[in-house]
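Comments concern the structure below.
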Amino acid sequence: MTIPTRMAAVLAALMLALGVAACGGDDEEDAGTTQAQTTEEATKDVSGTVSTMAIWSGPEQEAFRAVLDGFEKKYPGVKARYDSAGDQLPTVLSTAVEGGKPPDVAIVGQPGLVEQFQAKDALKPIDFIKDTVEQDFGEDWVKVGTVDGKLYGLLFKAANKSTVWFNTQVFEDAGVEPPEDWQGFLDNAQTLTQAGTPAYSLGGADGWTLTDLFENIYLRTAGPEKYDQLAEHEIPWTDESVIKALEEMKKVTGDRQNIAGGTRGALQTEFPTSVSQVFGDPPKAAQVIEGDFVAGVITAETKAKPQQDFDVFAFPSIEGGPENAVVGGGDTAIMFSDSPASRALMEYLATPEAAEIWARRGGFASGNKNLDANVYPDEITRKTAGALGEAETFRFDMSDLAPAEFGATPGKGEWKILQDFLSNGDVQKTAQALERAAKRAYEK
Amino acid sequence: MSGSGNVAAVPPEGEHRTLWRRHGTAAVFLLPALVLLGLWVVYPAIYTIVRSFFGKDGFAEFVGIDNYEALFTDDGLITAIKNNAIWVAVVPALVTAIGLIFAVLLERVRWSVAFKTAVFMPMAISAFAAGVIWRITLEEDPDRGVVNAGISAVADAFDPPGPLPRALPSQRDAMEGSPQRGFTLREPVRPGGVAVLGLTGIPPRNVPEDAQQAERPPPEPGSVAGVVWRDFSPGGGRPGVVERGERGIPGVTVELRTPGGGTRTAETDAKGTFRFAGLKEGGAYRVGIGKATFAQSASGPSWLGEKLIVPSLLIAYIWIWAGFAMVVIGAGLSSMPRDVLEAARTEGATEWQVFRRVTVPLLAPVLSVVFITMVINVLKVFDIVLSLAPGSVQDDATVIAVSMWRTSFGGVNDFGLGSAIAVFLFVLVIPVLALNVKRFRSEQ
């Protein structure tokens, strides 16, 4: 992000604040326009303008603009405007809401913002697309966007955090294949170390890589219901299910011989290094467990070529847990004004055709089951993004849902305690420390 | 500041005008500074003090001295206070001492300007950047951190690493020992027997180029034969069995311990085979590989680990500020009356006595300026901690200012507690400031 784009973002915000009032007039209740009735005819009837705002700039902005062009083509009577707020989106939006002139639709990366705006009564429910989301995405995607029993958010651009990236040459030398399940994954690790390369590269200096690993295991051992309860802190972190997940996690983090640099080295390894050391020469480890954004780091920091040098498999399922489970994140579309044009846009964003426009350009994933995975530009994205559409269980990254003090602060809460767990391996002590920290953070 | 000595020269008839001129001009000149000070210092200070008696959610909730209680009960904050105490105890004294030594010694050296520039150079770097530099320099992995690269290069020169670090026996129960002691076959071998020494954990690139397909040598009466090879086929293979594609490891020193207590050695050939001939029939021989083969490259201390992070920070900080101390003390030194030194020397004082009894007492005011400046600097130390300490030890490295920032903005978002920490820091600095002001006065 350069200074000029930031300035542009601020200017854009100012212009929005002045300009949005103009299109706030057509608030006529149009209860009849439900999804089922949006036929060719109905789309021509909608008219007005809709303003949108998100973090995207540069190529991402172009891609979203293309989506909006598709929208304007389908609804010839509507004009759609986009303003990039850059990294300052939360601040810009909060200020705009405070001033009473938010954009009609915004797409935000922080689930906490959705709740925050809903609590301020700034959001309009989008229950009119609830059935579509439930059918085309799945029940879990409705849940992710629901606050107080009403649907407010549509996870338009999703991210898959249940992926494992591996060095194909190391796998080939060791004669191992991407595993079918957790046991296969652990067996692979033993074979890999026998072949001479540590199995795991952990970016332990960044606490979030460890929370992501824990969440993937927890969703698969405890199941989605417990996952939701733990995310809300309705069950304590000393619960049997947490102990069990930590014990499974220890099979990876406690396998010191099998971690590049040992646990001490891992605690000093930041996420980018944890990726590049797997694909460097010589490789220091065979695989790295992190989300779909790893692909970007590999191509930026190493010379590895997709499929030829690196590849990806889904985080394996654990016996007795859900199959095809995905922990993810992403950008949620929310609606601040209830006009026919805004509704039309929300409806459009939930369609596979909207997703397809951006998906073809790359750097995008959708949970829409009706989106043909073949539209993704390469095999790697087809795997990571396709898994989102196929996911039977989808959950938002738990630490992102927790208060930041517990889930997102270096040297504190979950990050720090799981780093300690990496070095001491004490399951009981870790669970108790997590519970103490969670209690304090959720109380406030 | 009293520069009113020339006022008396003004004629008495213009007394009113002079009074105005005197105070009015002063006021006009002071006004901008006063306004700015009030706006940026006095108002925020008072606001912070008031804010520290309220809870997390603004002025809604008066909590009395709860925040101050938390200050001395929260583990993280206690660590911060402890660390700051260490900083104050170590850094000002060392910086002053090192600065003094540099200043005195460099007075007598040719090329002193070049040395001075080198020592002063770190002052030109921002503390944050200096932290990044030391962060990379002190990495534990010798491939990344230059300090440990040096340490391991020196250590390896004296105690060279073996050809097969990380290697382990393929059949754990057939061999005893450890990489530190070497591995020996559990079962003694009798003449006419074959010793099978399979190893795993060897990356393919560590097998010498001239290695050939391993071969189990035929038994021969009166001698012990055997093979050392990379006992790994893709997928794992059968441990202890020489399979197609598994290569022997040439150049490994195999040890044979005779029943009489002697030791013989033999070296493996390209196929990994070795042979001890001319042995006494019926004796039980122990066959193994010595520890030298498995010796790992020396790794150096974990500078950025939880135990050494505070010393590492202190070293980096002293590196930055020693130059400042040197320049200030050097200036004091050059303005010192030389004749006193000469007199002392003529009286027969040794150089040490001159330094101890004349130079240091005469420099005392300058030394105390450096010392006090450093105490204040160190109490407020912030950026270097943030940039040098990896996320996993941020809580071990934390100091008061970092805790204040993290509590207020960097995740916890508790402005009440954050303000309390700020006030505490302020209270700590006051006595030092008072001392400084007193010193200024006495100098005038």
Report task. From B:343, B:322, grab the single residue that is among the aliphatic types (A, V, I, L, M), in a helix (DSSP H, G or I) and exposed (fewer than 14 other Cβ atoms within 10 Å of the Cβ). Result -> B:343
Query raised in the report: Going by the structure shown, is residue B:204 within 14 Å of chain A (Cβ to nearest Cβ) and in contact with a helix residue (DSSP H, G or I) (Cβ under 7 Å, 6 or more places away or on another chain)?
Result: yes
Report task. Name every residue in segment B:263-290 that is loosely packed, with under 14 Cβ neighbours inside 10 Å and out of contact with any strand residue (DSSP E or B) (no Cβ under 9 Å at 6 or more places or on another chain), in order of residue number. Result -> B:280, B:281, B:282
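This table checks each residue for (1) small (Gly, Ala, Ser); (2) more than 19 Å from the chain's Cα centre (by Cα); (3) not in a helix (DSSP H, G or I).
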| residue | (1), (2), (3) |
| --- | --- |
| A:183 | no, yes, no |
| A:218 | no, no, no |
| A:227 | no, no, no |
| A:235 | no, yes, yes |
| A:241 | yes, yes, no |
| A:252 | no, yes, no |
Query raised in the report: Restricting attention to segment A:276-299, and to residues there that are more than 11 Å from every other protein chain (Cβ to nearest Cβ) and part of a loop (DSSP other than H, G, I, E, B), which single residue is surrounded by the fewest Cβ atoms within 10 Å (Cβ to Cβ)?
Result: A:293
Query raised in the report: Where residues in segment B:183-201 are surrounded by fewer than 20 Cβ atoms within 10 Å (Cβ to Cβ) and in contact with a Lys or Arg (Cβ under 7 Å, 6 or more places away or on another chain), which of them is nearest to the other protein chains (Cβ to nearest Cβ)?
Result: B:184
Requested in this report: Filter segment B:346-382 for residues that are of a type outside the set (D, E, K, R) and not in a helix (DSSP H, G or I) and give the result.
Outcome: B:348, B:349, B:350, B:381, B:382
Requested in this report: Only one of these is touching a residue at least 60 places away in the same chain (Cβ under 8 Å) and surrounded by fewer than 21 Cβ atoms within 10 Å (Cβ to Cβ): B:146, B:104. Name it.
Outcome: B:104
**Report entry** Filter result for residue B:421 (more than 14 Å from chain A (Cβ to nearest Cβ), surrounded by fewer than 19 Cβ atoms within 10 Å (Cβ to Cβ) and not acidic (Asp, Glu))
**Finding:** no
Report summary line: Of those in segment A:300-347 that are among the polar types (S, T, N, Q) and buried (at least 23 other Cβ atoms within 10 Å of the Cβ), the residue farthest from residue A:100 (Cα to Cα) is A:332
Query raised in the report: Residues in segment A:33-46: is at least one at pLDDT 85 or above, in a helix (DSSP H, G or I) and closer than 21 Å to residue A:355 by Cβ?
Result: no
Query raised in the report: Do you know which residues across segment B:385-437 are under 30 Å from residue B:365 (Cβ atoms) and in contact with a Phe, Trp or Tyr (Cβ under 6 Å, 6 or more places away or on another chain)?
Result: B:401
Report summary line: Scanning segment B:135-177 for residues that are in contact with a strand residue (DSSP E or B) (Cβ under 8 Å, 6 or more places away or on another chain), of a type in the set (Gly, Ala, Ser) and within 11 Å of chain A (Cβ to nearest Cβ), the one nearest to residue B:394 (Cα to Cα) turns out to be B:167
Query raised in the report: Does residue A:196 fit the bill of being closer than 23 Å to residue A:318 by Cα, within 14 Å of chain B (Cβ to nearest Cβ) and either in a loop (DSSP other than H, G, I, E, B) or not basic (Lys, Arg) (or both)?
Result: no
Query raised in the report: Which residues, taken from segment A:410-433, are over 10 Å from residue A:207 (Cα atoms) and β-branched (Val, Ile, Thr)?
Result: A:427, A:430
Report summary line: Residue pairs qualifying under the 6 Å Cβ cut-off, at least six apart or on distinct chains, with the first in segment A:368-394 being assigned to a loop (DSSP other than H, G, I, E, B) and the second being of a type in the set (S, T, N, Q), are A:391/A:324; A:392/A:324
Report summary line: Of the conditions (1) hydrophobic (A, V, I, L, M, F, W, C); (2) out of contact with any helix residue (DSSP H, G or I) (no Cβ under 6 Å at 6 or more places or on another chain); (3) assigned to a loop (DSSP other than H, G, I, E, B), the single one that residue A:355 does not satisfy is (3)
Requested in this report: Considering only residues that are of a type in the set (D, E, K, R), away from every other protein chain (no Cβ under 14 Å) and within 19 Å of the chain's Cα centre (by Cα), look in segment A:374-416 and name the one that is surrounded by the most Cβ atoms within 10 Å (Cβ to Cβ).
Outcome: A:395
Report summary line: residue B:130 vs (1) more than 14 Å from chain A (Cβ to nearest Cβ); (2) within 22 Å of the chain's Cα centre (by Cα); (3) at pLDDT below 90: all pass except (3)
Requested in this report: Go through segment B:80-113 and count every residue that is closer than 28 Å to residue B:358 by Cβ and either in a helix (DSSP H, G or I) or touching a strand residue (DSSP E or B) at 6+ places or on another chain (Cβ under 9 Å) (or both).
Outcome: 19
Requested in this report: Could you grab me the full set of residues in segment B:55-72 that are more than 17 Å from residue B:406 (Cα to Cα) and either within 12 Å of chain A (Cβ to nearest Cβ) or modelled with pLDDT of 85 or more (or both)?
Outcome: B:61, B:62, B:63, B:64, B:65, B:66, B:69
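A quick yes/no check of all residues on (1) assigned to a loop (DSSP other than H, G, I, E, B); (2) away from chain A (no Cβ under 14 Å); (3) at pLDDT below 95; (4) out of contact with any Ser or Thr (no Cβ under 8 Å at 6 or more places or on another chain):
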{"site": "B:260", "(1), (2), (3), (4)": "yes, yes, yes, yes"}
{"site": "B:270", "(1), (2), (3), (4)": "yes, yes, yes, yes"}
{"site": "B:275", "(1), (2), (3), (4)": "no, yes, yes, no"}
{"site": "B:279", "(1), (2), (3), (4)": "yes, yes, yes, no"}
{"site": "B:283", "(1), (2), (3), (4)": "yes, yes, yes, no"}
{"site": "B:293", "(1), (2), (3), (4)": "no, yes, yes, no"}
{"site": "B:303", "(1), (2), (3), (4)": "yes, no, yes, no"}
**Report entry** Filter result for the condition that a residue is within 12 Å of chain B (Cβ to nearest Cβ), touching a residue at least 24 places away in the same chain (Cβ under 8 Å), part of a helix (DSSP H, G or I) and out of contact with any Ser or Thr (no Cβ under 8 Å at 6 or more places or on another chain), over A:273, A:263
**Finding:** A:273
Query raised in the report: Considering only residues of segment B:383-412 that are in a loop (DSSP other than H, G, I, E, B) and within 8 Å of chain A (Cβ to nearest Cβ), which is surrounded by the most Cβ atoms within 10 Å (Cβ to Cβ)?
Result: B:398
**Report entry** Residue list for segment B:218-241, restricted to those being of a type outside the set (Gly, Ala, Ser), surrounded by fewer than 21 Cβ atoms within 10 Å (Cβ to Cβ) and assigned to a loop (DSSP other than H, G, I, E, B)
**Finding:** B:218, B:219, B:221, B:234, B:238, B:239, B:241
Report task. Could you list all residues from segment A:160-181 that are at the interface with chain B (Cβ under 10 Å from one of its Cβ atoms) and not in a loop (DSSP other than H, G, I, E, B)? Result -> A:169, A:170, A:171, A:172, A:173, A:174
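The values are calculated or read from the model by the stated rules, or taken from the named source; none is laboratory data. Small disclaimer: the values here were computed from a predicted structure and weren't measured. Note: ideal-geometry Cβ built from the backbone for every residue, glycine included; neighbour counts use all protein chains shown.
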